[in-house]
């Protein structure tokens, strides 16, 4: 895939496929802190392109094939600035931002920073800042520095996924191998640290575009029904869809739900 250069040692891997239909949209996907853009393109991207829409997928600095020079350059504000830079260069036609988890926060911040979208899909994004969220984010980083991604998966996947996914995948985890600590200057560690200082105090009222809030109710870590309800009503054009048997990682557990949500959002756009 091509790269968008940010500096001598910094770049973003991305893939931009414009819409094939004259009235098509470009769904621009904002990753969570862990993982990468390939999760969007296993089923979701091809299905949307099959409907005549375009896609823009990219990896943050520190995610696979997006190199960085200075670890200190990976910050929450820096991720938003990188997104703005890429969007300015790519100029996606009729962009719809799709963000999973904190990716939705970065999508909202990019819109407010001047790279406006025409619609917004927030997947398990809405949450209020406070001591609980801060504790969770610091604990995830501490677990990564102690035992790496495998320890995070063993500890948190039962809390982040629904029972169907757990039954199908539990045998792949808790295998007894020794955990390996993560290098604190690695991309994954720096991204998790960026999540700690992310600013969740968003002026949601200023996101006056068609919005869809997609919530997996089996998310036992980040989902708070009262907070999601309170924040949703601040979005001027929000609709909400709840998935009772799915957790936080909807694009992994139920990609068809994301496809359906994208197409439902597209039908609301003139």
Practice problem: Starting from the coordinates of the alpha-carbon atoms of the range 1-155, obtain the Kirkwood hydrodynamic radius over all distinct pairs and give the value in Å to one decimal. | Solution: 16.3 Å
Quiz item: Contour minus end-to-end for residue 128 and residue 169, with contour as 0.36 nm per residue of separation and end-to-end as the Cα-Cα distance?
Solution: 11.7 nm
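What percent do you get for the relative contact order of the chain when only Cα pairs under 8 Å and 6+ apart count? The partial results should precede the final answer.
Details: 512 pairs, mean separation 55.8, N = 270.
Result for the chain is 21 percent.
When averaged across all projection directions, what area in nm² does the alpha-carbon convex hull of the range 209-270 cover?
Values: hull surface 16.9 nm².
Averaging across all directions leaves 4.2 nm² for the Cα convex hull.
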Quiz item: In the calculated pair distance distribution of the range 153-270, what percentage of Cα-Cα distances lie above 17 Å?
Solution: 68 percent
Self-check item: the chain: Rg to Rh, with Rh as the Kirkwood radius over Cα pairs
Solution: 0.94
Exercise. Determine, for 179, 156, the number of other Cβ atoms within 10 Å of each Cβ, and report the residues in order from fewest to most.
Key: 179, 156
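Give me the Å³ per residue figure for the convex hull around the C-alpha atoms of the range 71-133. Don't skip to the end; give the middle numbers.
Details: hull volume 6.1 nm³, N = 63.
Spelled out: Cα convex hull of the range 71-133, divided by residues, is 97 Å³.
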Quiz item: Label point 7 Å out from residue 3 along Cα-to-Cβ: which residues of the range 28-48 have amide N under 18 Å?
Solution: 36-38
Quiz item: For the residue pair residue 77 and residue 269, what label-to-label distance in nm results when each label sits 7 Å from Cα along the Cα-to-beta-carbon direction?
Solution: 3.0 nm
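Return an integer: the convex hull volume of the alpha-carbon atoms of the range 112-209, in Å³ per residue. Provide the component values of the computation, followed by the final result.
On the way: hull volume 14.0 nm³, N = 98.
It comes to 143 Å³ per residue, whole-number rounded.
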Quiz item: Over the Cα atoms of the range 28-76, what Rg and Dmax result, in angstrom?
Solution: 12.9, 41
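Values in this text are rule-based calculations from the coordinates and carry no lab data. Here the structure is a predicted model, which is why all the values come from computation and not from measurement. Heads up, the Cβs are rebuilt from the backbone with ideal geometry, glycines too, and the neighbour counts pull from every protein chain shown.
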